[in-house]
Amino acid sequence: MKQSGQLSSNEWKSSCFNKFESIKAVRMMKQHYPFLKEVDSISLQKSVENLNDAYTRYYKKQNNGPHYKSKRNPVQSYTTKQTNGNIEVLDNCIKLPKLSWVRFAKSREVEGRIINATIRRNAAGKYFVSILCETDVQPLPKNDNAIGIDLGIKTFAVCSDGQTQKAKLHIARIHERIANSRKDFLHKLSTKLNRENQTICLEDLQVKNLMKNHKMAKSIAEVSWAMFRTILTYKSEWYGRNLSFVAKNFPSSQLCHVCRTRNPNVKHLALRAWTCSKCGTQHDRDDNASQNIKQEGIRLLIG
């Protein structure tokens, strides 16, 4: 039996798989999900059309089916079409449906007829808007020049006129800038923690062993846990602070830090929040783990 507020697969197919039925599909969804009335209806129509296109390509065996968005993904975006002047740009302000006029940092002048706008939030929480416009592109003046280009790894492109574009040097500079930003963050955070706390408790992670997991190695390397531990250790010695390491097998995520009841289901990383069955405390996985690491670290120091 279909639960209230849900659409059956047949209803989705009949409403979504016909591009010209997108408006009808949006109306149907709003009846089942009232919160969608707060959203720009044109963007919802665009989402339905995208779903239709994805399934069309799937049935033609051109892809593996649609990839559904998750609200937990830090990167979010939507696209809305220009209709009856609902998207406009004036000086450093842009008008968007449901949002009215919003100030933004314009990277270049908007030229031509606006077709649509895509609003995107990146993982850092910053918002960007990309505007698609229809313009007349003027051809460049003709000349008699010709050039040959050899693409490579060591040197990205070697041109027959003597130009070379060094990809290795350019990439090295990008990595250097990222590394410097990471070190700056680690130094500032470690100094702040030492200034504000007499005792610092940290999980004794074996980073070398964790790096053997090829699925997590890249992510672990990027966050620089080992470097943070090194910096935190010698600064704690400098400033006369207590640094306590909690064993890696300590179940910091599974224990309720209020009543110490253990929840083995938290072993699964997908479980980000849970409620203690004994005391009823609601836990965020990571916050609860930090509370347990603090308690265990202090216990180890006291002996």
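Under the condition of being in contact (Cβ under 8 Å) with a residue 40 or more places away in the chain and in a loop (DSSP other than H, G, I, E, B), which residue from the range 73-98 is nearest to Arg272 (Cα to Cα)?
Out of the qualifying residues, it is Pro74.
Could you check how many residues of the range 256-276 are assigned to a loop (DSSP other than H, G, I, E, B) and surrounded by fewer than 11 Cβ atoms within 10 Å (Cβ to Cβ)?
Residues that pass the stated criteria total 3.
Exactly one condition in (1) modelled with pLDDT of 80 or more; (2) touching a helix residue (DSSP H, G or I) at 6+ places or on another chain (Cβ under 7 Å) is not met by Ile178; state its number.
(2)
Please specify each residue of the range 125-144 satisfying the condition of being open to solvent by 100 Å² or more (accessible area, probe 1.4 Å) and in contact with a strand residue (DSSP E or B) (Cβ under 8 Å, 6 or more places away or on another chain).
Across the range 125-144, the qualifying residues are Tyr127, Phe128, Glu134.
Among what's in the range 125-158 and is within 30 Å of Thr79 (Cβ to Cβ), assigned to a loop (DSSP other than H, G, I, E, B) and among the charged types (D, E, K, R), pick the residue that is modelled with the highest pLDDT.
The selected residue is Lys126.
On the given criteria, is Lys61 within 22 Å of Tyr127 (Cα to Cα) and either out of contact with any strand residue (DSSP E or B) (no Cβ under 8 Å at 6 or more places or on another chain) or not acidic (Asp, Glu) (or both)?
No.
Just give me the residues in the range 159-192 being open to solvent by less than 80 Å² (accessible area, probe 1.4 Å) and either touching a Lys or Arg at 6+ places or on another chain (Cβ under 6 Å) or touching a residue at least 40 places away in the same chain (Cβ under 8 Å) (or both), in sequence order.
The answer is Arg182, Leu186, His187, Ser190, Thr191.
How do the pairs read when you match residues in the range 38-61 that are closer than 14 Å to Asn86 by Cβ with residues anywhere that are open to solvent by 50 Å² or more (accessible area, probe 1.4 Å) and assigned to a helix (DSSP H, G or I), using Cβ under 9 Å and keeping only pairs 6 or more apart or on different chains?
Ser41/Ile23; Ser41/Arg27; Gln45/Ile23
Looking for something part of a loop (DSSP other than H, G, I, E, B), open to solvent by less than 100 Å² (accessible area, probe 1.4 Å), modelled with pLDDT under 90 and farther than 24 Å from Ile42 by Cα - is there at least one such residue anywhere in the range 110-124?
Within the range 110-124 (the criterion being part of a loop (DSSP other than H, G, I, E, B), open to solvent by less than 100 Å² (accessible area, probe 1.4 Å), modelled with pLDDT under 90 and farther than 24 Å from Ile42 by Cα), the answer is yes, since at least one residue qualifies.
Collect the residues in the range 231-255 that are outside any helix (DSSP H, G or I) and β-branched (Val, Ile, Thr), keeping them in residue-number order.
Within the range 231-255, just Val246 meets the criteria.
Can you pull out the residues in the range 52-108 that are surrounded by 11 or more Cβ atoms within 10 Å (Cβ to Cβ), farther than 21 Å from Asp40 by Cβ and of a type in the set (Lys, Arg)?
Arg57, Lys106
Against the condition at pLDDT below 80, polar (S, T, N, Q), over 21 Å from Arg120 (Cα atoms) and open to solvent by 50 Å² or more (accessible area, probe 1.4 Å), how does Gln3 come out, does it pass?
yes
Taking into account only those residues within the range 193-206 that are closer than 23 Å to Pro251 by Cα and surrounded by fewer than 16 Cβ atoms within 10 Å (Cβ to Cβ), which is modelled with the lowest pLDDT?
The extreme case among them is Gln206.
For a quick check of your reading of the model, give me the residue pairs whose first member lies in the range 225-250 and is more than 15 Å from Leu193 (Cα to Cα), whose second is open to solvent by less than 30 Å² (accessible area, probe 1.4 Å) and in a loop (DSSP other than H, G, I, E, B), with beta-carbon atoms closer than 9 Å and at least 6 apart or on different chains.
Sorted first by the residue in the range 225-250, then by its partner, the pairs are Val246/Ser252.
The values are calculated or read from the model by the stated rules, or taken from the named source; none is laboratory data. Since the model is a prediction, treat every value here as computed from it, not as a measurement. Neighbour counts run over all protein chains shown; Cβ positions are idealised from the backbone, glycine included. Ligands, DNA and RNA are stripped out before the accessible areas are found, and what is left, the full protein with its side chains, is counted by its heavy atoms. Shrake-Rupley method; radii C 1.70, N 1.55, O 1.52, S 1.80 Å.
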